[in-house]
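To keep things clear, I will list the structure first and then write my remarks on it.
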Amino acid sequence: MRILFYDTKTYDRDSFCEALPKYKDVDIEFTKTELDARTASLAEGFDAVCAFVSADVGADTLAILSEKGVKSVLMRCAGYNNVDVEKAKELGITVKRVPGYSPEAVAEHAMALALAANRRLYKAYNKVRENDFSLNGLMGVNFYGKTAGVVGTGKIGAAMCRICNGFGMRVIAYDMYENPSIKDFTEYVSLEELLARSDLISLHCPLMDSTYHMINISTIRQMKDGVILVNTSRGALIKTDDLIEGIRLRKFGGVGLDVYEEETENVFEDRSDEILENSITASLLSFPNMIITSHQGFFTKEAMSAIASTTLQNLLDAAEGKVTENDCT
Ligand code: NAD
């Protein structure tokens, strides 16, 4: 079975080549090209394509993949909001993903962002490099004894609840479904109550119509002054213009984003030599209480190895017509 692996980075190739010997009948061709409607025809003769969060796996792309004989789309990530699942079903293309490769990888990064934003570590690092040993602008708050509000308590959100509990924080959460594994130390509340009570808010729910722009000026106004907001889930959970308005209203003690609305063009690209047009990222980074990373929450050795083996197993399962919890279709 042959996979065309889109948008390959060196670390993808390394982790998949390491896992490949266990999957004797699978062959992978790696390309740096991103998957979208213009590049889908490259997959002619392949059984499956492998794509990531920044691919455009919309209706047009899927129609071309189907025409070229591709039977499976293997998403090497948890989120699949960039895939037109209904169209895939209609075309008989199986879409599988890697739902829980290492929840702790993302949750630990969420806490790292919260701490970095709170204690302005990015500023401190640069100050000391410039022999500026003053503490101006670096004051944070203790997390110990404060309230952490976790929105979405699936695999990653639950890991975040455990971390916050370990920090000695009171943990409250909002989800439509209560996760029994964290019930001993987590109080489920309504979203309104979470917004009003939390000193740290961390978003861990998927991007769907119902969660699109869930953080907007109205929900921001319901938050406590000085709140720390972290998003490691999907950029469009937060309406960026409203976040900027909220920052200007002095609402936030700190904001840490691993994902943001205009990230698609940027994700995993070195654009340091380009002049960017209308960059929202640049506006966000002009604020002293903001830290942004580029979708690196998942990026640990353990997670990359789990992504490779699960993706390859997904291909075998798809070929055998096995429906598993990794199915999106
Ligand atoms: P999951 O499916 O295990 O959990 C998602 C939870 O969100 C579920 O419990 C669900 O009930 C809940 N939910 C759905 N709608 C909600 C709403 N309106 N309000 C509150 N909760 C709601 O998913 P997960 O593995 O924990 O991943 C969460 C998200 O993290 C993914 O959807 C993905 O977008 C993101 N993610 C980011 C990275 C990264 O590198 N930054 C890596 C992996 C996943």
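In nm, give the distance between the simple-model label positions of L285 and L191, each being 7 Å from the Cα along the Cα-to-Cβ direction.
My value for the distance between the label points is 3.1 nm.
Can you give the FRET efficiency to the nearest 0.05 for S134 and R2, using r as the Cβ-Cβ distance and R₀ = 56 Å? Working shown, then result.
Working: r = 59 Å, r/R0 = 1.06.
So, using R0 = 56 Å, E works out to roughly 0.40.
Go ahead and run the numbers for FRET between L121 and K183, Cβ-Cβ distance against an R0 of 30 Å, rounding to 0.05.
Efficiency for this residue pair is about 0.35.
Step through the residues of segment 321-326 one at a time and calculate ³J(HN,Hα) from phi using the Karplus curve (6.51 cos²θ - 1.76 cosθ + 1.60, θ = phi - 60°), rounding each to whole Hz and writing x for Gly and Pro.
Those phi angles translate into x, 6, 8, 10, 5, 8 Hz.
Would you mind putting 69-82, 300-313 in packing order, based on average other-beta-carbon counts within 10 Å, highest first?
Working: 69-82: 20.9, 300-313: 19.3.
Highest mean packing first, the order is 69-82, 300-313.
Roughly how many debye, to the nearest 20, is the charge dipole of the chain about its Cα centre, given +1 on each Lys and Arg Cβ, -1 on each Asp and Glu Cβ, and no other charges? Working shown, then result.
Working: 35 positive and 48 negative charges, 241 e Å.
That gives the chain a dipole magnitude of about 1160 debye.
Put a dot 7 Å past each Cα toward the Cβ at D225 and A319; how far apart are the dots in nm?
Those two pseudo-labels are separated by 6.3 nm.
So how far, in whole Å, is the C-alpha centre of segment 154-183 from the one of segment 254-329?
Spelled out, the Cα-based centre of one part sits 23 Å from the other.
Angle between the Cα long axis of helix 155-166 and the longest principal axis of the chain, 0 to 90 degrees, nearest 10?
For helix 155-166, the angle is close to 30 degrees.
Consider all pairwise Cα distances in segment 1-131 and report the whole-number % of them above 17 Å.
64
What is the packing order of peptides 252-263, 287-298, 268-279, taking the mean over residues of other C-beta atoms within 10 Å and listing the highest first? Intermediate values should be presented prior to the final figure.
Details: 252-263: 22.4, 287-298: 18.7, 268-279: 9.5.
Sorting 252-263, 287-298, 268-279 by mean packing, highest first, produces 252-263, 287-298, 268-279.
Helix 10-19 against the longest principal axis of the chain: what's the angle in degrees, Cα atoms only, rounded to the nearest 10?
60
Using a simple spin-label model with points 7 Å from Cα along the Cα→Cβ vector, what separation in nm is obtained for E44 and N142?
6.7
Starting from the Cα coordinates of the chain, work out the convex hull volume and express it per residue in Å³. Could you put the intermediate results ahead of the total?
Numbers: hull volume 48.5 nm³, N = 329.
About 147 Å³ per residue, rounded to a whole number.
Could you give the dipole magnitude of segment 223-329 about its Cα centre, charging the beta-carbon of Lys and Arg +1 and that of Asp and Glu -1, in debye to the nearest 20? Display every interim value, and only then the final one.
Values: 9 positive and 19 negative charges, 121 e Å.
For segment 223-329, the charge dipole is close to 580 debye.
Which whole-Hz couplings ³J(HN,Hα) result when phi for each residue of segment 138-146 is put into the Karplus expression 6.51 cos²θ - 1.76 cosθ + 1.60, θ = phi - 60°, listed in order with x for Gly and Pro?
10, 5, x, 10, 6, 7, 3, x, 8
Consider a paramagnetic label point 7 Å from the Cα of E86 along Cα→Cβ; state which residues of segment 46-70 have an amide N under 20 Å from it.
56-66
Using amide H atoms built 1.01 Å from N in the peptide plane, name the residues 5+ places from I201, or on other chains, whose amide H lies under 5 Å from its own.
The answer is G149, I228, L229, V230.
Evaluate the charge dipole of segment 103-292 about its Cα centre and quote only its size in Debye, nearest 20, assuming +1 on the Cβ of each Lys and Arg and -1 on the Cβ of each Asp and Glu. Working shown, then result.
Working: 19 positive and 26 negative charges, 196 e Å.
Charge dipole of segment 103-292: 940 debye, to the nearest 20.
From a point 7 Å beyond the Cα of V267 in the direction of its Cβ, which residues of segment 87-128 have a backbone N at a distance under 12 Å?
Hits in segment 87-128 for V267 at 12 Å: none.
Give the carbon-plus-sulfur fraction of the accessible surface of segment 25-183 in %, rounded to a whole number; probe 1.4 Å, heavy atoms of protein chains only.
Details: 3750 of 7540 Å².
Using a 1.4 Å probe with all protein chains present, segment 25-183 comes out at 50 percent carbon and sulfur.
Could you sort the peptides 55-67, 205-217 by per-residue average Cβ neighbour count (10 Å cutoff), highest mean leading?
55-67, 205-217
Tell me, how many Å apart are the Cα centres for segment 125-151 and for segment 48-76?
Centre-to-centre distance over Cα atoms comes out at 43 Å.
The values are calculated or read from the model by the stated rules, or taken from the named source; none is laboratory data. Nothing here was measured: the structure is a model prediction, and the numbers come from that model. In this analysis, Cβ positions are derived from the backbone assuming ideal geometry, glycine residues included, and neighbour counts consider all displayed protein chains. These accessible areas exclude ligands, DNA and RNA; they are computed on the full protein's heavy atoms, side chains included. Shrake-Rupley method; radii C 1.70, N 1.55, O 1.52, S 1.80 Å.
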